[in-house]
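Presented below is the structure to which this report refers.
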Amino acid sequence: MSKIPVTYKRTDLQSDQEVKWCPGCGDYTILASVQNFMAEMGISKEKIVFVSGIGCAARFPYYMNTYGVHSIHGRAPAVATGVSVSNPDLSVWVVSGDGDALSIGGNHLIHALRKNVNIKILMFNNQIYGLTKGQYSPTSEEGKKTKSSPFGSVEMPLNPMSLAIGAEATFVARSIDMDRDLTAGILEEAKNHKGSAFVEIYQNCNVFNDKAFEQLTNKETKVANRINLVHGEKTVFGEDGHKAVVIRNGIAQIVDTKDVDESEIYVHNIHEENPSIAFSLSRLSHGPYGPTPLGVFRKVQRDTFTEEVHDQIDNAKEQKGEGELDKLIRSLGTWDVS
Amino acid sequence: MSTENKTVESIPAITIRFAGDSGDGMQLVGTRFTDTSAVFGNDLATLPAFPAEIRAPQGTIAGVSSFQVQIADFDILTPGDNPDVLVAMNPAALKAHLHDLAPNGMLILNEDAFEEKNITKAGYKVDPRESGELDGYRVFQVPMEKLTKEALEEFDLPGRAVLRSKNMVALGLISWTFNRPLEDTENWINNKFSKLPEIAKANIKALKTGYNFGITVEAFHHTYVVEKAALPAGEYTNINGNIGLSWGLIAAAKKANLDLFYGSYPITPASDILHELSKHKNFNVITFQAEDEIAAAAASVGASFTGKLAVTGTSGPGLALKSETISLALSAELPLVIVNVQRGGPSTGLPTKPEQSDLMFALYGRHGESPLPVVAAKSPSHAFYAAYEASRIALKYMTPVILLSDNYVATGSEPWNLPNTEELNELETNIITKLNTEDGFLPFLRNVDTFARPWALPGTPGLEYRVGGLEKEEGTGNVSYDAANHQYMTDMRAWKVSNIANDIDKLEIHGDETADTLVLGWGSTYGGITQAVNRLNEKGVKVASAHFVHLNPFPDNTLEVISKFKQVIIPELNTGQLLKLVREAFLVDARGINKVSGEPFTAQELTDKIEAIINE
């Protein structure tokens, strides 16, 4: 990364392409959050690469004045893995959606997380297929009526946080499009994280799935439903903190704060090596309904794939010396014919 | 060792086939005999054949693994047709291979394996040694297991480990019979088991036991020698196609001043490329064993975007999975080499058998109008040059290139007269570090000669650009749905590929140029076709051959070559794929010789079929 801190104006990060999402789409807010964040992230823009797959969110790279690949459906984590491991000096960001990352690209997502490739994955979850005009997605709630499920979806939705934690992810966080401060804070944490970061961003699709996250954004309900996970702080939420999270027998539960001893209230620790508590927190909600945790679930250190691959190359060069073609083609033994 | 008690008959060539259970170590014995013969100075060619199962039930036909080698004192091109010698380690190996043994061929049997149980398992109703079916062959029964047990009595090894060395007894005996010294193999054993000296000693003892059996038993006192071949002067190594291909990629990266990235998912018979490249990290090679075939290709596209010589390798079924990703590379105009080591298909098909049935798929197996260059390796050593050539085209023209090999090229081996690496051409790239217009960077402003676009690499200030699978506007590379632009870009991508015809080696004619008949081939049939044409020419039959390395585009003199002949014959290990391409492109009434039995053509088979067509 560049040693001299680089700062830009937001407009420096904007490409000359017209943004073509539907008016009112949550993607606009996220784009602004990312551009604002990157203007001050301290990395020169030629070292930033955005990689996406297919879907509404996947148009994101076209709007960033950085390097970018708009690849094919579901494969962005794999393309980004190739980018990252080929040039560890780059800051590599994947933008994906719930269909792209969890359905067609599920395999690539879990393996990028498992390998701890040094890439940051932003998954915009709108719980619907937008670009194909409104079919249920792997995060749509059971019973969801869409064009492809006129009688209601009969499928159990995935919980992206649980999936990422189960896939050995070292950084797992959730934000919501409307909360720019929360998003900026998570992006900062993700940028500083060594390895894969998985960030789910709840994103409103006002055309095909409007108000899916209303319980977390509506003034009337959001205080009661947002469980803000803050490292080192007691996990209380609701009006005047009257609700709290406790861990009993390893399972996260929501209780009335007044019913428990203060010492029992869960103090969030993003660096806990054992993923069980983070997983349990992810089970407090199954979708944005009722009390739902937001913030960083988990941030732990592990060697990154990107670094380890290059360590092996460096070691090989140290032990054997820089490869020589003439030696290589003679390495199986030769004989002379005169 | 005593050599007094033997006669030595000099012969120009011999084909030996070792056959046994897949756990009997036949590939090892074959390889050792081959390497010793190579060092001795013979020309040679090998054909390993093994079951797709790692350990099929012991003693059954399904579990038989074999290795054939032809050694000669002249320049040969194939691993031989019918073996002159068959070593059969059990009844199943005998049953599976006897029908190939040449009349009066030498048949060496491990007699200890001919128990009733094994005889029945192999599907024999009566002991084949007593039924008369071995009449017409020279049969030598050797108690290999008994010899091994006796020889290794002095070692403290478990019974199963002891019997594992019986292949060394067989190798020792064959080494005696064909006058091959043991030193090379002894060194190899000591090297291989340097940390297990007891095992090394036991194997060397077994090897010598087999050799000494030949000295002792009168039946083996008539021995043979194949003298050195008069090969062109040079330094040689014995190489198989997968290794040749791997080294070709490393060489190409070096000569392009790039690092190599190889993304792959394990698949037979391409995995050895991944194994080989992963050994050579000191060449800055990154090998990426992906979670699946698609990821292997996709990561390679990512690597290409950053400026690597990116290669993804696979075999038939994997190529199908990579298809969409190859289209992305084609549309984004990024260099990428896709290696397809063909095997029998469709579906899982015959994973360990050669076939040339992915030619049409390589040319046309993508959605949309998506032409790309296709290059094919014609022999194990040629795989090096084919990989180099595929890389050259990919980098120079900013395009994905499919490199076809097959199981026959990949696992077969031959001596390779090593090139002077300094004489390998430097490879051009389209890397750009500065703006290409006064007004800014145009990522799709093409080179006027090659039509390649510039390759701007992340990390280069001022050239930040976005690229993807949506149609791009010529010049700016911005997303464009404009009708005329799509027509133009489609035409341009096709033209860019067809233009390569001027930049590749011309099609050469081999054999009798005055003949009326041309035998046209591609890929691994090279050895068989060339040998057949040589034999026919020696007999006075007028015939010539030409062999494609480039399948798309064809060399620009192809029509000229074809027009010189009245008749064109195209042998292929498929049902007629090059045949269709040639008929369509050159409007010639070509005839096919086609086979999809999972076996390569033998030179004799092609000789007979070509002659029959000529004589019609």
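In straight-distance terms, cross-link reach from A:LYS133 covers every one of the lysines whose alpha-carbon lies under 17 Å from its own, apart from those fewer than eight places away in the same chain; here that gives A:LYS20, A:LYS144, A:LYS145, A:LYS147, A:LYS211. Going by a ≥ b ≥ c, the root eigenvalues of the Cα gyration tensor, does the range B:510-615 fall in the rounded group (a/c under 1.5), the prolate group (a/b larger than b/c) or the oblate group? In terms of gyration-tensor shape, oblate. Rg and Dmax of chain A, based on Cα coordinates, read 22.3, 95 Å.
Pairs of Lys residues in the range B:190-346 that lie 8 or more places apart, or on two chains, and have C-alpha atoms under 30 angstrom apart add up to 26.
Taking amide H as placed 1.01 Å from N in the peptide plane, A:GLN14 has its amide H under 5 Å from the amide H of A:ASN65, each at least 5 places away in sequence or on another chain. Counting Cβ atoms of other protein chains within 10 Å of each Cβ in A:318-327 and taking the mean gives 4.
By definition, a body whose alpha carbon gyration tensor gives a ≥ b ≥ c is prolate when a/c is 1.5 or more and a/b is larger than b/c, and the protein assembly as shown fits this prolate description. Expressed as a whole percent, the proportion of Cα-Cα pairs in chain B lying more than 43 Å apart is 28%.
Between B:PHE384, B:PRO415, B:THR399, the Cα set farthest toward the positive side of the dipole of the range B:357-459 (charges on each charged residue's Cβ, about the Cα centre) is that of B:THR399. The percentage of C-alpha pairs in the range B:237-423 whose separation is greater than 19 Å is 51%. Counting partner chain Cβ atoms within 10 Å of every residue's Cβ in A:83-96, what's the average? Partner Cβ neighbours, averaged per residue: 4. For the peptides B:219-227, A:211-219, B:601-609, B:394-402, the ranking by mean Cβ contacts within 10 Å, running from highest to lowest, is B:394-402, B:601-609, A:211-219, B:219-227. Taking the average, over residues, of other Cβ atoms within 10 Å as the packing measure, peptides B:153-160, B:89-96 rank B:89-96, B:153-160 from highest down. Simple spin-label estimate for B:GLU584 and B:LYS125 gives 5.1 nm between the two label positions (7 Å along the Cα-to-Cβ direction from each Cα). Between A:VAL19 and A:ASN249, the FRET efficiency from the beta-carbon distance, with R0 = 51 Å, is close to 0.55. Using the Cβ-Cβ distance between A:GLU40 and B:ASN187 with R0 = 60 Å, the FRET efficiency computed as 1/(1 + (r/R0)^6) comes to roughly 0.40. Only DSSP H runs of four or more residues enter the estimate; each adds -39500 (n - 2.57), and after division by the residues of chain A the mean residue ellipticity at 222 nm equals -8000 deg cm²/dmol.
For chain A, relative contact order (Cα pairs under 8 Å, six or more residues apart, normalised by length) works out to 15 percent.
Here B:LYS95 is the anchor, and the lysines within straight C-alpha reach of less than 19 Å, apart from those fewer than 8 places off in the same chain, are B:LYS117, B:LYS121, B:LYS125.
The range A:245-313 and the range B:497-547 have their alpha-carbon centroids 69 Å apart.
Counting other Cβ atoms within 10 Å as a rough exposure proxy, the listed residues B:ASP516, A:ASP240, B:ASP112 run A:ASP240, B:ASP516, B:ASP112 from fewest neighbours to most. For the peptide B:455-467, the mean number of other protein chain Cβ atoms found within 10 angstrom of a residue's Cβ is 6. Karplus-based coupling profile of the range B:482-490, in residue order and whole Hz: 5, 4, 5, 5, 5, 4, 4, 5, 4, with θ = phi - 60° in 6.51 cos²θ - 1.76 cosθ + 1.60 and x standing for Gly or Pro.
With contributions of -39500 (n - 2.57) from each DSSP H run of at least four residues, the per-residue ellipticity at 222 nm computed over chain B stands at -11000 deg cm²/dmol.
When the P(r) of the range B:7-225 is calculated, the portion above 26 Å amounts to 31% of the C-alpha pairs. The fraction of Cα-Cα pairs per 10 angstrom bin, counted from 0 for the range B:291-378, comes to 18, 51, 28, 4 percent, rounded to whole percents.
Using the Cβ-Cβ distance between B:PHE155 and B:GLN604 with R0 set to 41 Å, the FRET efficiency from 1/(1 + (r/R0)^6) comes to roughly 0.35.
Throughout, read-outs are computed from the coordinates displayed, never taken from laboratory work. Predicted model, so just to flag it, every value in this text is computed and none were measured. Positions of Cβ are backbone-derived with ideal geometry, glycine not excepted, and every protein chain shown enters the neighbour counts.
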